[in-house]
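Report on the structure given below.
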Amino acid sequence: MAAQPAELLLVQGLYSSVPTASNLQCAVIIHNYSANCDADADELWVAAPQSRASVRSRLLAAEREEAKAVLSLFLRQKGLRSTLAARIVNKSDGFIEHLVSKLQVAYRSRYAEGRELSTPEIRDALLPYLEALSIEHGDRLVEVVENFADPFSVEREALSSSMVLTPTSSNKQKAVARISTPTSGGALPELVVYLLDLGMDHEEIKNIVRKFPAFAYYNVDRKIKPLVELLLDLGVPRSSIPGIIRKRPQLCGISMSDNLKPMMAYLENIGVNRAQWSKVLTRFPAFLTYSRNKVETTVSFLTELGVSKKNIGKILTRCPHIMSYSVDDNLRPTAEYFRSIGADAASLIQKSPQAFGLNVEAKLKPITEFFLAREFSIEEIGIMVNRFGIIHTLSLEENLLPKYEFFLTMEYPRSELVKFPQYFGYSLEQRIKPRYAQMTASGVRLILNQMLSVSDARFEEILEKKRTRV
């Protein structure tokens with residue numbers, strides 16, 4: 001028998017797992033939580049008594065948004081721009097429904113217990129599946145996602161009235177309405193009241209919900225307050241907490257006891273400085289939203305690269321964004337490329353971890369070719385990278401080219417740039433040109449390092465000494 005596509009096998013597996021169910025009943029299983037799933041009354045804002053099906057429908061809306069976020073993340077990890085990934089997700093309603101079905105099959109026991117899935121749990125279920133589809137379909141993955149056949153569309157239409165299903169296209173509007181409409185008593189929803197007291201304004205809250213509709217369904221006492229209290233305990237200023245929530249509202253949906261605190265303990269054990277959590281989370285709130293598997297994969301790669309446990313902690317503390325880089329798509333290819341030009345990858349990732357988020361073909365090779373075209377040897381380029389690790393992160397048109405052209409007018413030998421590639425890190429208009437003009441007017445000649453790296457006072461001293469010797 002010919003191999004079946006992964007998505008067809010999933011659907012077949014669902015039907016076979018419920019042998020006595022009709023297709024229509026299977027659709028009910030996919031779009032409903034278990035009949036035993038009870039949500040607290042305060043978990044959902046309602047203007048009038050709601051049926052259990054309506055409650056499940058609202059939770060399902062939040063789950064769809066989580067699935068969208070995971071698909072967008074995966075596409076960006078594969079190299080797509082954020083705007084393009086967002087367009088693909090918005091055109092792929094059928095595939096999003098399929099991912100939700102995947103979640104409900106994978107976590108059927110969780111639904112029976114009446115527990116919401118956390119963001120890491122959703123990622124752990126969907127990312128490996130998306131990776132399998134990527135391997136299977138290769139360059140056709142986007143086409144498969146956008147044109148995915150929804151096998152339950154007919155049954156879903158038949159059930160829509162009884163299940164009070166919310167169309168995917170209106171989830172955002174309904175979520176915004178949820179945090180905009182006063183309760184039957186005339187007060188704003190509890191979530192809005194709490195966030196206003198925290199320092200956010202109503203429009204800011206609406207913007208968060210527009211970007212991440214699931215946020216509108218988060219319970220204040222079980223989701224929002226525990227996170228705020230944790231951040232305050234870690235030393236995050238109260239005034240910075242709205243910014244953290246605005247950047248990464250998904251952080252509120254992660255279980256404190258099952259995910260956040262165990263993840264923090266693990267990261268502290270490998271060297272992340274507990275005293276620096278405030279700076280880490282303010283700078284990159286997404287740091288604690290990654291799954292344990294993703295974090296361990298990154299740590300394993302750094303160890304493999306030759307970075308010590310102590311320095312791994314320092315890297316993660318100083319540049320937590322590195323956790324957003326894919327090991328297979330970013331870190332490993334980048335390390336291999338830097339090694340190929342003679343750079344010390346282990347040392348470089350400790351000094352300039354941001355360079356490892358760059359695409360080899362689109363960013364790293366053009367920089368290397370820029371210097372090769374100007375008769376620098378590959379060995380010289382490797383030396384320059386080791387001495388100035390962020391050189392590949394600089395813009396060709398706005399930085400390297402104009403500064404190199406001015407360098408040629410100063411009539412220094414090319415070896416000066418090999419010795420001091422930090423030259424490219426200084427402002428051309430505010431540092432390089434003024435210092436060079438002052439040096440030239442003084443009738444003296446300094447090496448690049450002396451001319452640029454010292455303070456203004458020290459620069460004056462050096463020029464004065466050189467003048468008196470002349």
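Worth pointing out:
- Pairwise centroid distance, computed over Cα atoms, of the range 397-470 with the range 188-237, Å: 51 Å
- Distance between the range 239-280 and the range 334-349 - C-alpha centres, whole angstrom: 30 Å
- Restricting the GluC sites (Glu not before Pro) of the range 364-431 to loop positions (DSSP other than H, G, I, E, B) with no more than 13 neighbouring Cβ atoms within 10 Å leaves Glu375, Glu411.
- With the whole protein complex present, Cys252 retains an accessible surface near 0 Å², based on a 1.4 Å probe.
- Rounded, prolate or oblate (a/c below 1.5 giving rounded, otherwise prolate when a/b exceeds b/c) for the range 244-368 by Cα gyration tensor: prolate
- Probe 1.4 Å, accessible area per residue of the range 188-250, Å²: 42 Å²
- In the range 222-328, Cα pairs under 8 Å separated by at least six residues give a relative contact order of 30 percent.
- Fully extending the segment from Glu204 to Glu229 would add 6.9 nm, taking 0.36 nm per residue of separation and subtracting the current Cα-Cα distance.
- Each peptide among 262-270, 437-445 gets the average number of other Cβ atoms lying within 10 Å of its residues, and from highest to lowest they stand as 262-270, 437-445.
- Approximating the spin labels as points 7 Å out from Cα along Cα→Cβ, the Ser257-to-Ser278 distance works out to 2.9 nm.
- Computed over the range 366-470: relative contact order in percent, which uses C-alpha pairs under 8 Å that are six or more apart: 22 percent
- Accessible carbon and sulfur surface of the range 168-317 relative to its total accessible area, %, 1.4 Å: 49 percent
- With 0.36 nm allotted per residue and the present C-alpha distance subtracted, the His321-Ala373 stretch has 15.5 nm of extension available.
- Potential lengthening between Asp456 and Glu190 on full extension [0.36 nm per residue; Cα-Cα distance subtracted]: 90.1 nm
- Distance (nanometres) between label positions extended 7 Å along Cα→Cβ at Lys78 and Ala132: 1.6 nm
- Label point distance in nm, Lys211-Lys247, each placed 7 Å from Cα along Cα→Cβ: 1.1 nm
The values are calculated or read from the model by the stated rules, or taken from the named source; none is laboratory data. Bear in mind the structure is a predicted one, so any value in this text is a computation, not a measurement. Every residue, glycine among them, receives a Cβ derived from its backbone with ideal geometry; neighbour counts consider all protein chains shown. Remember, those area values only see protein heavy atoms, side chains included, never the ligands or the DNA or RNA. Shrake-Rupley method; radii C 1.70, N 1.55, O 1.52, S 1.80 Å.
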